[in-house]
1. Tell me, in nm to one decimal, what length is gained between A:LEU359 and A:VAL277 on full extension, where the rule is 0.36 nm per residue of separation less the Cα-Cα distance?
2. Explain nothing, just the number: dipole magnitude of segment A:47-151 about its Cα centre with +1 on each Lys and Arg Cβ and -1 on each Asp and Glu Cβ, in debye rounded to the nearest 20.
3. Percent antiparallel among DSSP beta bridges with both residues in the protein assembly as shown, to the nearest 5?
4. Take the Cα atoms of chain A, build their convex hull, and give its volume per residue in Å³.
5. Please report, largest first and rounded to whole Å, the three semi-axes of the ellipsoid equivalent to the protein assembly as shown, where each semi-axis is the square root of five times an eigenvalue of the C-alpha gyration tensor.
6. Take the Cβ-Cβ distance between B:ALA228 and B:GLU154 as r, set R0 to 51 Å, and report the resulting FRET efficiency rounded to the nearest 0.05.
7. With label points built 7 Å along Cα→Cβ from the Cα atoms of B:GLN75 and A:GLU145, find their separation and express it in nm.
8. Taking segment A:67-119 as the region of interest, what is the percent of Cα-Cα pairs per 5 angstrom bin, listed from the shortest bin to the one with the maximum distance?
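What follows is calculated from the coordinates using simple rules that are stated; it is not laboratory data. Computed from a prediction, not measured in an experiment: that's the story for all the values here. Every residue, glycine among them, receives a Cβ derived from its backbone with ideal geometry; neighbour counts consider all protein chains shown.
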Amino acid sequence: MKRFLGFVKKEFLHIFRDYRTLFILFGIPAAQILIFGYAVSMDIKNAGIAILDLSHDEITQKLTDKIISSGFFKRTENLLHYNDIDRVFKKGKTKAVIIFEADFGKKLVREGKASLSIIADGSEPNTATLVTNYTMAIVNDFTMELAVPALNNSIRIQPEVKMFYNPNLKSHFMFVPGVITLILILICALMTSVTITREKEFGTMEVLLVSPLRPIQIILGKVIPYFILSFINVLLILALSWLVFGLPVKGSIILLLAECMLYILMSLTLGILISTVSKNMQQAIFISLLGLMLPTILLSGFIFPIENMPKVYDYVSMILPPRYFIVIIKNIMIKGTGLMYIWKETLILIVMTLFFIGLSVRKFKIRLE
Amino acid sequence: METHVITVKNLVKKFGSFVANDNLNFEVFGGEIFGFLGANGAGKTTTIRILSGLSKPTSGEVKVAGFDAYRQTEQIKKNIGYMCQKFSLYEDLTVKENIILYGGIYGLTKSLIKERIAELLAKLRFQEYENRIIADLPLGLRQKLAFSVAVLHEPKIVFLDEPTGGVDPITRRQFWEMIYETAARGITVFVTTHYMDEAEYCDRISIMSEGKIVALDTPENLKKQYNAATIEEVFIKIARPVSLHPHPPAPFS
């Protein structure tokens, strides 16, 4: 045991002496949380909007004010002519143009209908969809207000939409769990695979194998420090997202931390497996980054819902551990559910962990021969 | 002196159909410097891996420090030291931290490690380097330190796998002085090298070719036997694979 502790201590020395490792361990997660939380926000706030008002009456003025004062938009320009639309989009600041037809107010009062066009910049499909949806909601709201006195005797159905668990549809709610999922698997797998291949490359692995340390002790000694540091990382990320974005953990924090430990363990064993198949550090980095980052971002349900993917991708994503962890962490953090609802996903992660351990032990033995 | 610390009888190691070690027989005596020579790919590394408990023989009898290479690899590992051609200390740790690490791995007590550190640093005139990281040391010093660390726990045998690769002649000489001193303390030195002048320093040498031991004797006897002035000549005469010889060599007597 004493041999082992000395070995673990040495691994900590490696980590604390290498600024790059420290940065990857702690700098990148913090940066990712902030970047995803702020920059990649799916909410719109102060989106540029231009108005082409061909009518210039009281009603268009009111509607414009309502749109601008909603807080989602800011007016970039008032256009005078259709020809200006293209020009204003090309400048880039304007995401949508709202056009009131001539005699908008008069038509609305006399005929009960008038047309308004929303032209959005389709080169950014996400923003375009959001902007048009928001604008339409505001316009609907406006017509309701206008219509109420006139139409109070006809039947109207007014749906009232409420978002459970995330009432304001904040996208941090979606990103923080996703970022935790991504960061943990990346860092754990990357770090362990690199640290083990480094020993191979520098020839120190030979010396360790010849020493009285057992192979299992060598592996554990390399992995335990990363386990501890990754766990601290989870605490940091949770604290950061709580402090900066006010993201609460609705469910049991103990359950959440336990699930995180399981996921960390799974990622570490995956890292060991990667180290047994890669010849040098570059290869280990390459496999970890390319093999884990892209599938996790694209296929795990982090950003794009799995339900909307073609069936093939759905099947592919089934072998990705992050897919299950995202479900677990979202359930606990945002919905506040207990183990009852996530035991299947948890079981899958446990099985995957055991599978990776078994496979890497076998590979490790073959390499020794 | 005449006790065997390594006994190898009919050792065969196969990888699939490839025979890396083909029926090896030799003994190494306690306290001797045993040179283990051979061209690249002759099977030296395979033998060293078996002797150091890293891999198991396919057949044959192998005993190292009195322990069986099939079943008692743990015991073997405790009784040997090892230094390989690739550098074996951690570059980002200090001299002292490296010594503490390896001392700890081999189960030395704290006080003993402390004692050894002081002893070692004094012997190597290393005191001012105690808290410097290895990456800052010149290669020669590192090699000497790696060797000292390999024998830190006073093993029965120390395996040196091309320990002097890439080292300047003066350091090489100093390194060999350390080897002599170690052997004089009773630690058996099992060394592989590509420098034939180093082979002359050994008590006995064996030469491997294509998985077989083709010569084993003292340097003096080998030179006489092959009618050569240096071991290098002996080596060139016998160590090259048969296929490379323009004419078949004279059969070994």
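1. Residue separation times 0.36 nm, minus the Cα-Cα distance, leaves 28.4 nm.
2. Values: 13 positive and 14 negative charges, 40 e Å.
Once rounded to the nearest 20, the dipole reads 200 debye.
3. Bridges in the protein assembly as shown are about 45 percent antiparallel.
4. On the way: hull volume 67.2 nm³, N = 369.
Value for chain A: 182 Å³ per residue.
5. Values: eigenvalues 1091, 117, 103 Å².
For the protein assembly as shown, the ellipsoid semi-axes come out as 74, 24, 23 Å.
6. Result of the calculation: an efficiency of 0.85.
7. So the label points at B:GLN75 and A:GLU145 sit 9.2 nm apart.
8. Cα pair-distance distribution for segment A:67-119, in percent: 4, 17, 24, 21, 18, 11, 4, 1.
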